[in-house]
Amino acid sequence: MSLLFRTTAAPVNGRRYARAAALVGSIAIVAVAATGCQPIQALPAAVTRTDVMSAPIGNQKIQEGGALVMALSAEPDRLDPTTSSSLYTRYVMQTMCQKLYDIDDKGKIVPQLATALPVVSADGLAVTIPVRTGATFADGTPFNADAARLTIERGLTLKGSARKSELGPIASVQTLNDTTLRINYKKPFAPITAALADRAGMVLSPKAVAAAGAAFGDHPVCVGPFKFAGRVPQTSIKVERDPLYYDAKNVHLDTITYRIMTDSNIRAANLRSGAVQVADSISPQDVDALSKEAGVGILQVGSLGYQGLTLNLGNTAGVGKPPGEINTPTAKDAKVRQALSMSVDRAALVNTVFNNWYEPACSPIAPSSPFASDLSRACPEFNPTKAKALLQEAGVQTPYPVELQVSNSPDALRYAQALQAAVADGGFALTIRPVEYSTLLDVQTRGSFAALQLGWSGRVDPHGNMFNFLATGAGNNYSGYSNPQVDKLLAQASSVTDQAARAQLYGQVVKQVQADNPVIYLYRVRSLTAYSTTVAGIDTFADGVVHLSNAAFVTKK
């Protein structure tokens with residue numbers, strides 16, 4: 001989609017909520033023609049939300065079998081845990097590919113294919129992991145420690161791996177016996193357990209990897225309650241119950257179909273009609289009305305992640321490659337990027353655009369994280385007047401033009417259009433280029449952008465929210481950012497185990513990143529998942545993933 005949006009409207013700031021609401025309403029009229037957005041009204045600034053992370057089965061009667069349909073707000077990328085970067089891929093993989101570890105509803109790391117948390121040697125260089133017996137991959141291959149070893153080594157060596165920097169400075173991986181894995185490090189690496197509670201810990205069938213190689217994602221094979229059944233590109237992905245699963249007695253559905261529905265209005269309409277039973281990423285425009293409807297439940301949970309603007313400082317050859325030179329003021333002059341950050345009133349924008357359902361974000365560390373600090377909680381100054389002065393110091397023309405690529409979903413466009421009007425006060429002329437979500441993932445990987453608006457669903461350890469995005473040459477460093485001091489601090493933070501010391505180091509990283517602004521952090525979503533009360537056993541946690549492995553159709557007893 002190549003449509004460009006340009007609008008002119010009044011600025012938004014934290015002291016003028018009524019004016020901001022009128023602004024967003026007028027902007028939404030522009031979006032209606034292209035996206036079907038509707039105007040919104042501002043709510044009071046202070047609204048307390050309570051997490052609801054589960055729809056328990058309780059004393060309801062389970063109806064064994066059945067075909068559940070979940071509406072996904074975007075299409076997953078390739079179903080390969082080693083290379084994927086999409087939250088929506090994690091939704092699907094969660095039912096098919098179990099991990100060595102997982103997180104629970106309290107954000108604690110718990111064993112899954114492992115049987116206990118790792119044992120770390122006194123010097124921090126050897127991490128020993130016991131794994132379960134009696135598990136089988138969907139292709140009949142026995143699960144064992146050697147399969148886990150091969151998966152981790154694939155994460156380190158496969159071309160295009162997005163997991164390498166998540167796994168840390170591994171020297172070697174050993175299989176001590178069928179039930180014991182050992183990871184040997186060049187230096188201590190504290191985030192390893194958290195990394196193995198995400199895609200890096202999804203253990204792949206050695207037989208399937210050997211047969212498919214880099215094409216593994218076309219037909220993934222893992223240990224899980226369900227197994228891959230088929231994919232229709234841009235339409236749906238289907239999984240079916242795996243009879244070889246070690247805990248098959250607690251799997252109730254026959255199939256789950258993930259149907260791609262990018263429009264939030266369409267997802268809500270299909271939920272109401274019964275065509276789907278679960279829908280992710282319900283729009284803040286719809287959730288209040290849906291929550292009042294009979295037969296509909298809402299799960300909601302705060303996010304460990306963030307939404308932000310990524311500015312291209314040096315991604316000239318693709319993500320993970322050495323930074324190149326981009327000869328633009330945005331890429332070369334930190335004053336220009338600081339001016340853009342200072343033009344954003346985060347609280348006012350998020351409150352008016354998202355009906356107070358989301359929260360402003362100032363850094364990649366959620367305020368609720370045990371690794372949060374005063375530095376990571378501090379928000380950059382909002383000062384449009386000073387922003388204009390910085391642009392003048394940088395010697396650039398004003399209004400300074402910036403092209404922003406953004407997902408063409410209604411909510412993403414609504415925010416981008418409000419942002420466009422808001423930063424005009426700081427001396428910026430923002431042009432919005434909407435593109436399909438899957439295309440935007442490719443754009444950020446290739447580096448074919450000046451600025452783009454995307455987010456990250458978040459991880460329990462800050463390393464998972466920071467190192468891959470901010471360390472020189474890391475697997476998700478879409479900005480092409482490189483700062484030796486940040487690299488040093490991130491490495492230090494990953495090598496110490498004391499939580500307070502790590503929090504202090506990550507706070508120093510945030511302070512430097514807020515000066516350099518390769519990413520301008522904007523807001524945190526609440527994960528809003530709607531479901532039909534004909535189903536239960538659905539969970540959603542702070543990492544943003546909706547869990548359907550133990551879901552079932554139910555009736556009241």
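Just so you know, all these numbers are worked out from the coordinates, no wet-lab data involved. As the structure is a computational prediction, the values presented were derived from the model and not from experiment. All Cβ positions, glycine included, derive from the backbone under ideal geometry; neighbour counts span all protein chains shown.
Would you list 345, 247, 286 from fewest to most Cβ contacts within 10 Å?
Values: 345 25, 247 12, 286 20.
With the sparsest Cβ surroundings first, the list reads 247, 286, 345.
Loop only by DSSP, 16 or fewer other Cβ within 10 Å of the Cβ. Give me the trypsin sites (Lys or Arg not before Pro) in segment 234-294 that pass, ordered by residue number.
Working: sites: 238, 241, 249, 259, 267, 272, 292; in loops: 292.
Loop-located and lightly packed - 292.
Each Lys and Arg Cβ is given +1 and each Asp and Glu Cβ -1; about its Cα centre, segment 99-217 then shows a dipole of about 300 debye. Relative contact order of segment 99-217, taken over Cα pairs closer than 8 Å and 6 or more residues apart, is 30 percent.
Comparing 59, 202, 514 along the charge dipole axis of the chain, the residue lying farthest to the positive side is 514, per the Cβ-charge model.
Give me the number: length gained by fully extending residue 119 to residue 174, i.e. 0.36 nm times residue separation minus the C-alpha to C-alpha distance, one decimal in nm. Present the calculation step by step, with values, prior to reporting the outcome.
Working: separation 55, 0.36 × 55 = 19.80 nm, distance 1.44 nm.
Gain on extension, residue 119 to residue 174, equals 18.4 nm.
Span-like helix check, the chain: no full DSSP H segment qualifies, none having both a Cα axial length of 27 Å or more and a mean Kyte-Doolittle of 0.5 or more.
Which value at 222 nm does the chain reach when only helices count, each DSSP H run of 4 or more adding -39,500 (n - 2.57), with the total divided by all residues and rounded to the nearest 500 deg cm²/dmol?
Values: 18 runs with 170 residues, N = 557.
Mean residue ellipticity, 222 nm, calculated: -9000 deg cm²/dmol.
Taking the Cβ-Cβ separation of residue 186 and residue 500 as r and a Förster radius of 25 Å, what is the calculated FRET efficiency to the nearest 0.05? Between residue 186 and residue 500 the formula returns 0.50. For segment 307-320, 3J(HN,Hα) computed residue by residue from phi via the Karplus equation (6.51, -1.76, 1.60; θ = phi - 60°) reads 10, x, 9, 9, 9, 7, 9, x, 7, 9, 10, x, 4, x Hz, glycine and proline entered as x.
Listing 219, 463 from fewest to most neighbouring C-beta atoms within 10 Å gives 219, 463.
Cross-link partners for residue 292 among the lysines, with Cα-Cα distance under 23 Å and sequence neighbours closer than 8 places in the same chain left out: 556.
Provide the percentage of antiparallel DSSP beta bridges, counting only those with both residues in segment 401-557; round to the nearest 5.
Details: 4 of 14 bridges.
The antiparallel proportion sits near 30 percent.
For the cross-link pairs 187/488; 99/488; 159/227; 159/238; 164/187, the ones whose C-alpha atoms lie over 18 Å apart are 99/488; 159/227; 159/238. Between the amide H of residue 454 and those of 308, 310, distances stay under 5 Å, these residues lying 5 or more places away or on another chain, with hydrogens modeled in the peptide plane. Charged side chains reduced to their Cβ positions (Lys and Arg at +1, Asp and Glu at -1) give the chain a dipole of some 320 debye around its Cα centre.
Rounded, prolate or oblate: which fits the chain, taking a ≥ b ≥ c as square roots of the Cα gyration tensor eigenvalues, rounded meaning a/c under 1.5, else prolate when a/b beats b/c?
Working: a/c = 1.85, a/b = 1.24, b/c = 1.49.
Since a/c reaches 1.5 but b/c is at least a/b, the shape of the chain is classed as oblate.
Placing R0 at 41 angstrom, the Cβ-Cβ distance between residue 429 and residue 488 gives a FRET efficiency of 0.65 after rounding to 0.05. Centre-to-centre, using Cα atoms only, segment 340-381 and segment 392-462 are separated by 17 Å.
Secondary structure note: in the chain, about 75% of the DSSP beta bridges are antiparallel.
Mind checking the full-extension length gain between residue 557 and residue 379? Use 0.36 nm per residue of separation minus the Cα-Cα distance, one decimal, nm. Don't skip to the answer; put the middle values down first.
On the way: separation 178, 0.36 × 178 = 64.08 nm, distance 5.10 nm.
The span from residue 557 to residue 379 would gain 59.0 nm if fully extended.
This ranking places 511, 99 by how few other beta-carbon atoms lie within 10 Å of each, fewest first, which gives 511, 99.
FRET efficiency for residue 393 and residue 48, Cβ-Cβ distance as r, R0 = 56 Å, nearest 0.05? Walk me through the numbers before you get to the answer.
On the way: r = 42 Å, r/R0 = 0.74.
Efficiency at R0 = 56 Å is approximately 0.85.
Across the chain, the relative contact order, built from alpha-carbon pairs under 8 Å that are at least six residues apart, equals 24 percent. Each part reduced to its alpha carbon centroid, segment 69-129 and segment 200-231 end up 14 Å apart.
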